[in-house]
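**Q** Provided herewith is a single structure, encoded as structure tokens, for subsequent inquiry.
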Amino acid sequence: MLIGVPAETMAGETRVAVTPETTKKLMAQGHSVRVQSGAGVAASVTDAAYQAAGADMTDAAGALGCDLVLKVRSPSALELTQMKPGAALVGMLNPFDAEGLQRLASARLTAFALEAAPRTTRAQSMDVLSSQANIAGYKAVIMAADRYQKFFPMLMTAAGTVKAARVVILGVGVAGLQAIATAKRLGAVIEASDVRPSVKEQVESLGAKFIDVPYETAEEKEAAEGVGGYARPMPQSWLDRQKLEVAKRVAQADVVISTALIPGRAAPVLITEEMVASMKPGSVIIDMAAGKGAVNADGSVGGNCPLTEADKTVVKHGVTLVGETNLAALVAADASALYARNVLDFLKLVLPKDAAGIEVPLDDDIVAACLMTQGGEIKKT
């Protein structure tokens, strides 16, 4: 099969969907790979490296005009005009973007959104959300250390002792756990909060203290368990108690990293303006939900903190708020390597050996979950 790998055109997107490593594996399966010249440069992959792996270099039209197109982000309107009807598309296509899915359906593409893969053991090797969140959690801590004007570790020097930084992690999914591990390596004192009681042991195993808020009703405990590996909205009674506990820790923190997202919904507000105002001057907030929160009164979109501004670093009440919306793209080489392996493992389900083209086995729960459009129709609502 002819597989195309175009360069990403979205602003700030530095990742690439195929690496020389996965190119060799696709070639070994009998496929031909065409890579747009320069597609991997921002991820530290040269055209020569792709050619050495057996790929042919082409332009954007050549890559987008293939039978199967592999991308990181959903194609733009211009890119869609260069894709042929009936072609297959694999990438992170945002399953909750109804307008975007309609554009893909109108282009008559068989489109697979990898973010929609179920959180099951079998799907772990193709879980792009986890692979990219892992990188984002690491980068969030590195950015916090860069913005924070003091040391992370405790230091005992001839000039006196420097206290370790106090870091609070809000939301302990994949990104939050990696943030804990990274901050621990840098010598910080860490506390973490999450609505799921099941993560307490994971938090403590990484050397952080869990901010425990007891459940008072069966409804609270049931909601806390989540569904399919994702958190569910918690009852207001529990949220009120958690807010008080978190507010105490945030006021004492030097760095706060918030990671809380609920698929298909606005990111919850975990850090209010009052909480920001209570923090020490020079403190840092890395809001990993930037641009995905509720719409503010002025029309702006925050994140876990309404003061966050997407893709900007601002100072409010003496606190630095970082609103980077694509942290994984700031570690493009490793992010691309992991993403490309996710893609390769997914392709094994729809590109079986000796197959003449893409197959869509709807009895496969992973394929059925990822299939967004086919034959001009949207398969997910």
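The values are calculated or read from the model by the stated rules, or taken from the named source; none is laboratory data. These numbers come from a predicted model, not from an experiment. Cβ: placed from backbone, ideal geometry, glycine included. Neighbour counts: every protein chain shown.
**Q** Kindly indicate whether Gly318 is touching a residue at least 24 places away in the same chain (Cβ under 8 Å), under 24 Å from Val246 (Cα atoms) and surrounded by 17 or more Cβ atoms within 10 Å (Cβ to Cβ).
**A** Numbers: touching a residue at least 24 places away in the same chain (Cβ under 8 Å): yes; under 24 Å from Val246 (Cα atoms): yes; surrounded by 17 or more Cβ atoms within 10 Å (Cβ to Cβ): no.
It is false that Gly318 is touching a residue at least 24 places away in the same chain (Cβ under 8 Å), under 24 Å from Val246 (Cα atoms) and surrounded by 17 or more Cβ atoms within 10 Å (Cβ to Cβ).
**Q** For residues in segment 99-123 being over 15 Å from the mean Cα position of the chain (by Cα) and without any contact (Cβ under 8 Å) to a residue 24 or more places away in the chain, which is farthest from Val360 (Cα to Cα)?
**A** Here the residue is Glu99.
**Q** For segment 1-54, give me the residue count where each residue is part of a helix (DSSP H, G or I) and not β-branched (Val, Ile, Thr).
**A** Within segment 1-54, the subset part of a helix (DSSP H, G or I) is 20-28, 41-43, 47-53.
From what is left, the residues that are not β-branched (Val, Ile, Thr) are 20-21, 24-28, 42-43, 47-53.
Here the count works out to 16.
**Q** Let me ask something additional. Filter segment 115-133 for residues that are part of a helix (DSSP H, G or I) and under 15 Å from Asp345 (Cα atoms) and give the result.
**A** First, the residues of segment 115-133 that are part of a helix (DSSP H, G or I): 115-116, 124-126, 128-133.
Result: Glu115, Ala116, Gln124, Ser125, Met126, Val128, Leu129, Ser130, Ser131.
**Q** Quick check, is Lys71 surrounded by fewer than 22 Cβ atoms within 10 Å (Cβ to Cβ), of a type in the set (Lys, Arg) and not assigned by TED's automatic domain parsing to the domain that holds Ala266?
**A** Details: surrounded by fewer than 22 Cβ atoms within 10 Å (Cβ to Cβ): no; of a type in the set (Lys, Arg): yes; not assigned by TED's automatic domain parsing to the domain that holds Ala266: yes.
So Lys71 fails the test.
**Q** Counting only residues that are buried (at least 22 other Cβ atoms within 10 Å of the Cβ) and modelled with pLDDT of 90 or more, give me the strands (runs of 3 or more DSSP E) lying completely in segment 134-235 with at least 2 of them. Reasoning before the result, please.
**A** On the way: elements: 155-157, 160-162, 166-170, 189-193.
Once the strands (runs of 3 or more DSSP E) in segment 134-235 are filtered for at least 2 residues that are buried (at least 22 other Cβ atoms within 10 Å of the Cβ) and modelled with pLDDT of 90 or more, what remains is 166-170, 189-193.
**Q** Report, by residue number, each residue of segment 31-80 that is touching an Asp or Glu at 6+ places or on another chain (Cβ under 6 Å), within 18 Å of Tyr339 (Cβ to Cβ) and of a type in the set (Lys, Arg). Can you show your working first?
**A** Of all residues in segment 31-80, those touching an Asp or Glu at 6+ places or on another chain (Cβ under 6 Å) come to 34, 37, 57, 64, 72-73.
Add one more test, that the residue is within 18 Å of Tyr339 (Cβ to Cβ), and what stays is 72-73.
If the condition is that a residue be touching an Asp or Glu at 6+ places or on another chain (Cβ under 6 Å), within 18 Å of Tyr339 (Cβ to Cβ) and of a type in the set (Lys, Arg), then Arg73 is the only one that fits.
**Q** A further question follows. Looking at Leu321, is it in a strand (DSSP E or B) and outside the structural domain of Leu70 (by TED's automatic domain parsing)? Break it down into steps so the answer makes sense when it comes.
**A** Details: in a strand (DSSP E or B): yes; outside the structural domain of Leu70 (by TED's automatic domain parsing): yes.
The answer is yes for Leu321.
**Q** Looking at Thr325, is it among the β-branched types (Val, Ile, Thr), under 15 Å from Val256 (Cα atoms) and surrounded by 16 or more Cβ atoms within 10 Å (Cβ to Cβ)? Before you say what the answer is, go through the steps one by one.
**A** Details: among the β-branched types (Val, Ile, Thr): yes; under 15 Å from Val256 (Cα atoms): no; surrounded by 16 or more Cβ atoms within 10 Å (Cβ to Cβ): yes.
For Thr325, the condition - among the β-branched types (Val, Ile, Thr), under 15 Å from Val256 (Cα atoms) and surrounded by 16 or more Cβ atoms within 10 Å (Cβ to Cβ) - is not met.
**Q** Continuing with this model, one more query. Would you mind finding the one in Asp363, Asp345 that is assigned to a loop (DSSP other than H, G, I, E, B), surrounded by fewer than 22 Cβ atoms within 10 Å (Cβ to Cβ) and charged (D, E, K, R)? Break it down into steps so the answer makes sense when it comes.
**A** Values: Asp345 fails: assigned to a loop (DSSP other than H, G, I, E, B).
None of the other options fit; the residue is Asp363.
**Q** Further, regarding this structure: Mind checking which residues of segment 247-282 are touching a residue at least 60 places away in the same chain (Cβ under 8 Å), more than 14 Å from the chain's Cα centre (by Cα), surrounded by 15 or more Cβ atoms within 10 Å (Cβ to Cβ) and assigned to a loop (DSSP other than H, G, I, E, B)?
**A** Ala253, Asp254, Leu270, Ile271
**Q** Could you list, in sequence order, the residues of segment 81-110 that are more than 18 Å from Val16 (Cα to Cα) and not in a loop (DSSP other than H, G, I, E, B)?
**A** Thr81, Ala98, Glu99, Gly100, Leu101, Gln102, Arg103, Leu104, Ala105, Ser106, Thr110
**Q** Any residue in segment 142-151 that is in contact with a Phe, Trp or Tyr (Cβ under 7 Å, 6 or more places away or on another chain) and hydrophobic (A, V, I, L, M, F, W, C)? Explain how you work it out, then say what you get.
**A** Of segment 142-151, the ones in contact with a Phe, Trp or Tyr (Cβ under 7 Å, 6 or more places away or on another chain) are 145.
Subset that is hydrophobic (A, V, I, L, M, F, W, C): 145.
Among the residues of segment 142-151, at least one is in contact with a Phe, Trp or Tyr (Cβ under 7 Å, 6 or more places away or on another chain) and hydrophobic (A, V, I, L, M, F, W, C), which makes the answer yes.
**Q** Please work out which residue is nearest to the chain's Cα centre (by Cα), limiting yourself to segment 346-364 and to residues that are at pLDDT 90 or above and of a type outside the set (A, V, I, L, M, F, W, C). Let's see the steps before the verdict.
**A** Just the residues of segment 346-364 that are at pLDDT 90 or above, to begin with: 346-351, 358-364.
With the extra rule that they be of a type outside the set (A, V, I, L, M, F, W, C), the set shrinks to 348, 359, 361, 363-364.
Numbers: Lys348: 23, Glu359: 28, Pro361: 27, Asp363: 28, Asp364: 25 Å.
Only one residue fits best here, namely Lys348.
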